[in-house]
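Read through the structure below, which is laid out as structure tokens, and then see the notes.
The values are calculated or read from the model by the stated rules, or taken from the named source; none is laboratory data. Not measured: the values here are computed from a predicted model. Cβ: placed from backbone, ideal geometry, glycine included. Neighbour counts: every protein chain shown.
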Amino acid sequence: MKSCAPLEPVEPLLIAEGERLVPMHLAGLDMLLTVPEVTDIASAEDGYPLHVRVPDPAAYVLHKLWVADRPDRRPDKARRERKQALAVARLIREQLPMYGFEIDRVQNFPEPLLAYLDQL
């Protein structure tokens, strides 16, 4: 896997509202658009190659912790966000150390995310 330029802004997420789709803003999602992306090829369930393009895994972890800590987040969803963050953090430590949380690697992440480094 290699680090690439930041992700380009995408169309807003659409949610079903009755028979129509309406845009939904996800607070803080724009922070993930400013971090480096990771691209690779994986195997899909049908065996065909699948191009994967995602934000830096360390940024994903820090963003999940940030989301879990938001005062407007439902407690059950906050617990789920925290578990997801810690699971990916463990995966990074054990299998993907090139995406670690060293300050010299993540120092250009958005400031609100860096505040969560001490939780890892």
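Structure data summary
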read-out	value
Selected residue (only one of 34, 39 is assigned to a strand (DSSP E or B) and modelled with pLDDT of 65 or more)	39
Those residues of region 93-119 which are surrounded by 11 or more Cβ atoms within 10 Å (Cβ to Cβ) and within 21 Å of residue 26 (Cα to Cα), in sequence order	109, 110, 112, 113, 114, 115, 116
Flag for residue 90 being out of contact with any Asp or Glu (no Cβ under 8 Å at 6 or more places or on another chain), among the charged types (D, E, K, R), without any contact (Cβ under 8 Å) to a residue 60 or more places away in the chain and surrounded by fewer than 13 Cβ atoms within 10 Å (Cβ to Cβ)	yes
Hits in region 53-83 (condition: part of a helix (DSSP H, G or I), more than 10 Å from the chain's Cα centre (by Cα) and of a type outside the set (A, V, I, L, M))	66, 75, 76, 77, 79, 80, 81, 82, 83
Output for region 52-83, where each listed residue is in contact with a strand residue (DSSP E or B) (Cβ under 6 Å, 6 or more places away or on another chain) and farther than 20 Å from residue 110 by Cα	52
Every residue from region 23-73 that is in contact (Cβ under 8 Å) with a residue 60 or more places away in the chain and under 17 Å from residue 92 (Cα atoms)	35, 38
